[in-house]
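Asker: Structure in structure tokens, see below.
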Amino acid sequence: MENQVKRGSLEMAAAMVISGTIGWFVLMSGQPVLDVVFWRCLFGALTLLLICGLMGFLRPGLLSWPVFGLAVVSGAAIVGNWVLLFAAYSGASIGIATAVYNTQPFMLVALGAMFLGERITLDKMMWLSLAFIGMLAITQSHGSAGSGGHAYLLGISLALGAAFLYAIAALLVKRLTGTPPHLIALIQVCTGILMLAPFAEVSALPGQTAMAWITLLSMGIVHTGLMYVLLYGAIQKLPTALTGALSFIYPVVAILVDWVAFGHRLQWLQWFGVAAILFAAAAMRQGWRVRRRGAAS
């Protein structure tokens, strides 16, 4: 059991490190966002098709039509989430966009309350308020951002939109319990191919540089195929609390990459906002509760 948790922790950490570096690959590709997401879906689909074949997930009768339909709709949300998040990088920077993107647990809680009848507790409201304060701190820092104020605020808005679409996808995937997650991921990226094929400038890519090809291949093979394998393998081995704790490697790595690769240093108000959002999200995922006066000891 101890070896299983250790292996799962290493897999989860590796998956989060990979996720944290994707912003660098997006910007270094030099491609329009829609093209980046299209090629990520295409190369990711080829990788996941091989993985699903090796794992025996392509046999007939594994999916019902309602399950397939939900997977397709969740795929549309996931692909839209990638488009918005990748577009946010150039406006708000990788670090800030990733921090704002981590408001997704609160959106998932709100959607759960609206559509699943889940109760929002006082503790959750408190963590939501803390995250909102963090958001205010970040949005008030637009004057010190590396780009213009309007671009910075647009980047934050796009990251919030990406978080909302991710929460919708997560809500839909909750209803796919029992379906192999690698197969769900394959359906999602295939949905992305069909969605973006009419808009992607496929004919323009062959003349691009080797760097463009390397970054796009990496986003499909490493940041999609390999990352999904590591992530789902870790989730199967780890308790939920440890999975949630290790997931915060992702935004930390993204902020470090943004600093080292692009020299984006956060101002003190931005650091406060990032810390408030990440702390509140950690509290939400870990189920932390605040002891109130008069509570039993």
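Asker: Confirm whether residue 177 is modelled with pLDDT of 90 or more and either over 18 Å from residue 95 (Cα atoms) or of a type in the set (Lys, Arg) (or both).
Answerer: Numbers: modelled with pLDDT of 90 or more: no; either over 18 Å from residue 95 (Cα atoms) or of a type in the set (Lys, Arg) (or both): yes.
Taking the combined requirement at face value, the residue does not satisfy it.
Asker: Let me ask something else about it. Among the residues of segment 221-238, what is the count of those that are surrounded by 21 or more Cβ atoms within 10 Å (Cβ to Cβ) and closer than 14 Å to residue 22 by Cα?
Answerer: 5
Asker: Turning to a different aspect of this structure: From the list 254, 245, 275, 241, which one is within 17 Å of the chain's Cα centre (by Cα), in contact (Cβ under 8 Å) with a residue 40 or more places away in the chain and surrounded by fewer than 17 Cβ atoms within 10 Å (Cβ to Cβ)?
Answerer: Sole residue among the options that is within 17 Å of the chain's Cα centre (by Cα), in contact (Cβ under 8 Å) with a residue 40 or more places away in the chain and surrounded by fewer than 17 Cβ atoms within 10 Å (Cβ to Cβ): 245.
Asker: Please go through segment 260-269 and pick out each residue that is assigned to a helix (DSSP H, G or I), over 25 Å from residue 37 (Cβ atoms) and touching a residue at least 24 places away in the same chain (Cβ under 8 Å).
Answerer: The one that is assigned to a helix (DSSP H, G or I), over 25 Å from residue 37 (Cβ atoms) and touching a residue at least 24 places away in the same chain (Cβ under 8 Å): 269.
Asker: OK, next. Can you name the residue in segment 136-160 that is in contact with a helix residue (DSSP H, G or I) (Cβ under 7 Å, 6 or more places away or on another chain), in a helix (DSSP H, G or I) and modelled with pLDDT under 85 and is also nearest to residue 276 (Cα to Cα) among such residues?
Answerer: Within segment 136-160, the first condition is being in contact with a helix residue (DSSP H, G or I) (Cβ under 7 Å, 6 or more places away or on another chain), and the residues that meet it are 137-143, 145, 147, 149, 151-156, 158-160.
Those still in the list that are in a helix (DSSP H, G or I) too: 137-139, 142-143, 149, 151-156, 158-160.
This time we only want the ones that are modelled with pLDDT under 85, so: 139, 142-143, 149.
On the way: 139: 13, 142: 17, 143: 20, 149: 22 Å.
Per the criteria, the residue is 139.
Asker: A further question on this structure: Provide a single number: the residues in segment 177-189 that are more than 16 Å from residue 231 (Cβ to Cβ) and more than 18 Å from the chain's Cα centre (by Cα).
Answerer: Final tally of qualifying residues: 2.
Asker: Right, next: Residue 129 versus (1) in contact with a helix residue (DSSP H, G or I) (Cβ under 9 Å, 6 or more places away or on another chain); (2) under 20 Å from residue 173 (Cβ atoms); (3) among the polar types (S, T, N, Q); (4) surrounded by fewer than 21 Cβ atoms within 10 Å (Cβ to Cβ): which is the lone unmet condition?
Answerer: Of the numbered conditions (1) in contact with a helix residue (DSSP H, G or I) (Cβ under 9 Å, 6 or more places away or on another chain); (2) under 20 Å from residue 173 (Cβ atoms); (3) among the polar types (S, T, N, Q); (4) surrounded by fewer than 21 Cβ atoms within 10 Å (Cβ to Cβ), the odd one out for residue 129 is (2).
Asker: Restricting the search to segment 168-207, which residues are of a type in the set (S, T, N, Q), surrounded by fewer than 16 Cβ atoms within 10 Å (Cβ to Cβ) and more than 22 Å from residue 104 (Cα to Cα)?
Answerer: 203
Asker: Being farther than 24 Å from residue 94 by Cα and of a type in the set (Gly, Ala, Ser) narrows it down to one residue among 197, 275; which is it?
Answerer: 197
Asker: Next question. Against the definition (part of a helix (DSSP H, G or I) and modelled with pLDDT under 95), how does residue 95 come out, yes or no? Walk me through it before giving the result.
Answerer: Values: part of a helix (DSSP H, G or I): yes; modelled with pLDDT under 95: yes.
Judged against the criteria, residue 95 is a match.
Asker: Listed residues 116, 165, 136; which is exposed (fewer than 15 other Cβ atoms within 10 Å of the Cβ) and within 28 Å of residue 90 (Cα to Cα)?
Answerer: Among 116, 165, 136, only 136 is exposed (fewer than 15 other Cβ atoms within 10 Å of the Cβ) and within 28 Å of residue 90 (Cα to Cα).
Asker: Could you please give the count of residues in segment 70-113 that are of a type outside the set (A, V, I, L, M, F, W, C) and touching a Pro at 6+ places or on another chain (Cβ under 6 Å)?
Answerer: 2
Asker: All but one of (1) modelled with pLDDT of 95 or more; (2) surrounded by fewer than 16 Cβ atoms within 10 Å (Cβ to Cβ) hold for residue 87; which doesn't?
Answerer: With respect to (1) modelled with pLDDT of 95 or more; (2) surrounded by fewer than 16 Cβ atoms within 10 Å (Cβ to Cβ), residue 87 is out only on (2).
Asker: While we're on this one: For segment 24-74, which residues satisfy the criterion of being in a loop (DSSP other than H, G, I, E, B) and closer than 16 Å to residue 181 by Cβ?
Answerer: Passing the criteria: 55, 56, 57, 58, 62, 63.
The values are calculated or read from the model by the stated rules, or taken from the named source; none is laboratory data. Note that the structure is a prediction, hence the values are computed from the model and not measured. Using ideal geometry, Cβ is built from the backbone for each residue, glycine included, and neighbour counts are taken over all protein chains shown.
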